[in-house]
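Report on one structure; see the data block that follows.
The values are calculated or read from the model by the stated rules, or taken from the named source; none is laboratory data. Worth saying up front: this structure is predicted, and the values here are computed from it rather than measured. Please note: Cβ atoms are built from the backbone with ideal geometry, for glycine as well, and neighbour counts cover all protein chains shown. The area values use the complete protein model at the heavy-atom level, side chains included, leaving out ligands, DNA and RNA. Shrake-Rupley method; radii C 1.70, N 1.55, O 1.52, S 1.80 Å.
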Amino acid sequence: MSTETSTDAKTAALVNISTEKWPPRHRTYFGSLEVRSPEPGEPYAITPIRGCTGVIDMGDKRIMEYRITAREIAEDIAREINSDSGEGSFHGVFVSVGAAPTEAELADARRRLEDFQRRLVAAADLEWERTKNPMFITDLERRAARQLGLEKPWLYDSKPLAECPVCAEKIKHGVAVCRSCGAILDREKAAQYGLLPAGRRERQRNQEPPTQSGTEAGK
Ligand SMILES: [Zn+2]
């Protein structure tokens with residue numbers, strides 16, 4: 001199948017400034033499409049989008065073909081991803097006018113993304129003030145706060161309890177010694193707070209091993 005080259009753009013550039021990964025997009029006319037995310041250090045990633053021919057089955061062996069331009073497809077995907085989190089949400093995906101985004105387009109997208117992230121953080125702040133319950137803070141809100149580099153009390157309290165590998169009791173993250181069975185879970189921390197039992201091994205590490213000094217004395 002060949003098409004005559006025309007002057008209008010055959011591909012559209014779907015630009016993404018967010019490092020978030022999305023599941024592939026599906027359409028009957030192109031199958032599955034992965035939207036690229038920028039690698040660490042890259043300001044954006046481009047997913048080139050091609051135009052497609054869609055087919056409508058009219059029944060009675062009649063079909064109708066219709067052309068969908070690259071731009072229409074790209075705009076459709078950008079809309080779908082951006083609206084993923086409710087009204088006015090924006091996830092940093094847009095279609096650039098040219099083959100690559102201009103500085104102005106990138107700046108605009110960054111501003112819109114930041115606006116959206118700040119709204120998420122404000123909503124989380126409000127929720128936290130009311131409930132003090134980290135269960136009500138969404139992953140999206142946490143990610144927004146982290147990406148904005150904001151320190152929030154609701155960022156860290158979210159971890160569920162860990163499990164002691166020895167007795168399987170629920171314990172807090174980062175504890176040095178299991179309060180249930182006494183297992184030492186963080187040796188360095190336990191030593192720092194003098195919680196290690198006065199075992200010979202620990203003492204030998206800091207002192208001359210008696211056997212060695214014994215041999216030396218025998219020389
Ligand atoms: Zn334990």
* Scanning for something in contact (Cβ under 8 Å) with a residue 24 or more places away in the chain and closer than 25 Å to ARG146 by Cα, does segment 20-33 turn up at least one residue? -> yes
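Return yes when LEU161 is at pLDDT below 90, within 15 Å of the ligand (Cβ to nearest atom) and exposed (fewer than 12 other Cβ atoms within 10 Å of the Cβ) and no when it is not.
Against the criterion (at pLDDT below 90, within 15 Å of the ligand (Cβ to nearest atom) and exposed (fewer than 12 other Cβ atoms within 10 Å of the Cβ)), LEU161 qualifies.
For segment 86-107, give me each residue that is open to solvent by 30 Å² or more (accessible area, probe 1.4 Å) and in contact with a strand residue (DSSP E or B) (Cβ under 6 Å, 6 or more places away or on another chain). It would help to see each step written out before you state the result.
Within segment 86-107, the first condition is being open to solvent by 30 Å² or more (accessible area, probe 1.4 Å), and the residues that meet it are 86-88, 97-100, 102-105, 107.
ALA99, the sole residue that qualifies.
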* Across segment 164-188, what is the number of residues that are outside any loop (DSSP other than H, G, I, E, B) and open to solvent by 70 Å² or more (accessible area, probe 1.4 Å)? -> 3
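Which one of PRO209, PRO153, PRO197 is away from the ligand (no atom under 16 Å from the Cβ) and at pLDDT below 85? First the steps, then the outcome.
Details: PRO153 fails: at pLDDT below 85; PRO197 fails: away from the ligand (no atom under 16 Å from the Cβ).
Only one candidate passes the filter, namely PRO209.
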* To do: May I ask you to list the residues in segment 118-150 that are assigned to a loop (DSSP other than H, G, I, E, B) and surrounded by fewer than 18 Cβ atoms within 10 Å (Cβ to Cβ)?
  => LYS132, ASN133, THR138, LEU148, GLY149, LEU150
* Could you check, for segment 48-61, whether at least one of its residues is without any contact (Cβ under 8 Å) to a residue 40 or more places away in the chain, within 23 Å of the chain's Cα centre (by Cα) and buried (at least 18 other Cβ atoms within 10 Å of the Cβ)? => no
